[in-house]
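Contents: one structure, followed by commentary.
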Amino acid sequence: MKRILVTGGCGFIGTNFIKFLFNNVSGEHTVVNVDKLTYAANPENLMDIEQNLPTRYFFEKADISDIEKIEKIIDKYEIDTIVNFAAESHVDRSIIGPQDFIQTNIIGTFCLLELVRKFQKMGKEIRFHQVSTDEVYGSLQGSEFFSETAPYNPSSPYSASKASADLLVKSYVNTYKIPATISLCSNNYGPYQFPEKLIPLMILNMLEGKELPVYGDGLHIRDWLFVEDHCSAIWMILQEGKIGESYNIGGNNQWENLKLIQFLATILAEKTGRNIEDFTKLIRFVKDRPGHDRRYAINSDKIRNELRWKESFDFTTGLRLTVDWYLNNLDWVEKVRSGDYLKWIEINYRNR
């Protein structure tokens, strides 16, 4: 794992993973970031690394479905490891328009797997890791938890596309013996998350006095994981995980959406010197979305016991760090939400 191809590296988790590799992992590894730069991708997130490590970090603008271009990149940089973050990942968007999710999440993963198989036939082994989601398991009732042996039961076009990609990876391990692993994580939060997601959306709406939309009765439950803990778990799987295995990565940290928003209001009131009621009065219950899973909760005993992974950030610490990051980076938020970064991408990456 000296020459690592990270797909979707300009997105939220991909950005944090690349920063984790350079800030927390020793060694002279090279990272090649492949991203087609859709609306939620921002190469500016990694400009510090691009400027400070020009011989170890490289960016290539490409779609993972462009199999010929990706093959040239793998060959050019002599890639030995692929970590696939590239995905359309917003459930609401998948309900409105599922086509992009099918193209990137399924066809894109298929193209990467075909290239791993092709290079393997040529005598070059490439380790492949698929980054998936707990949403492939579907909805839970009661107090149960999903383990890695739970059947897939996706509820949205997004989760169905991720489930399909996972099954493709499993089939390539079994049929072609490619060296691949899968991780399935709970909801991530932290720096650089696109403002359409729940936690940054609520932070920013509170700051701006906008309504805080809550689906249904607000009692939907999610398990939350700080993004850096997710990155450390993936790195541990790459080092010590067993080929062909799947690993759940969870924070053992379940929150009802409404209570999470109220907790955010408490933190933001403390940070800004305002009253909690200034923020909680903005809560508005809206019509539930179609196919909205009631509860996600995964059992992550496997990675904890077999690989000795554990999270480094408790939820209060992680959430405070996240709130601080958004408060200190409102210029980033404004640039992303206004679309100005898309103009910057067009100017700086037009010919890549």
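Condition check: surrounded by 21 or more Cβ atoms within 10 Å (Cβ to Cβ) and more than 23 Å from Ala40 (Cβ to Cβ). Does Ala265 satisfy that? Yes: the conditions hold for Ala265. Scanning segment 76-83 for any residue that is within 16 Å of the chain's Cα centre (by Cα) and at pLDDT 95 or above turns up at least one such residue.
Considering only residues that are aromatic (Phe, Trp, Tyr), assigned to a helix (DSSP H, G or I) and under 26 Å from the mean Cα position of the chain (by Cα), which ones fall in segment 110-133? Result: Phe110, single match.
Of everything in segment 9-56 that's small (Gly, Ala, Ser) and farther than 20 Å from Gly241 by Cβ, which residue is modelled with the highest pLDDT?
Gly9
Residue by residue, here is whether (1) among the charged types (D, E, K, R); (2) closer than 21 Å to Gly8 by Cα; (3) in contact (Cβ under 8 Å) with a residue 60 or more places away in the chain holds:
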site: Ala163; (1), (2), (3): no, yes, no
site: Leu168; (1), (2), (3): no, yes, yes
site: Thr175; (1), (2), (3): no, no, no
site: Ala180; (1), (2), (3): no, yes, yes
site: Tyr192; (1), (2), (3): no, yes, yes
site: Asn205; (1), (2), (3): no, no, yes
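So, Ile64, is that one under 28 Å from Phe22 (Cβ atoms) and more than 20 Å from the chain's Cα centre (by Cα) or not? When the stated conditions are applied, Ile64 does not pass them.
Candidates are the residues of segment 5-56 that are of a type in the set (Phe, Trp, Tyr) and buried (at least 20 other Cβ atoms within 10 Å of the Cβ); the one that is nearest to Thr104 (Cα to Cα) is Phe12. The strands (runs of 3 or more DSSP E) found wholly in segment 181-275 and carrying at least 1 residues that are of a type in the set (Ser, Thr, Tyr) and under 22 Å from Lys287 (Cβ atoms) occupy 212-215.
The criterion of at least 1 residues that are acidic (Asp, Glu) is met, among strands (runs of 3 or more DSSP E) falling completely within segment 24-109, by 30-35, 57-61.
The values are calculated or read from the model by the stated rules, or taken from the named source; none is laboratory data. As the structure is a computational prediction, the values presented were derived from the model and not from experiment. As a convention, Cβ positions derive from the backbone with ideal geometry for all residues, glycine included, and neighbour counts pool all protein chains shown.
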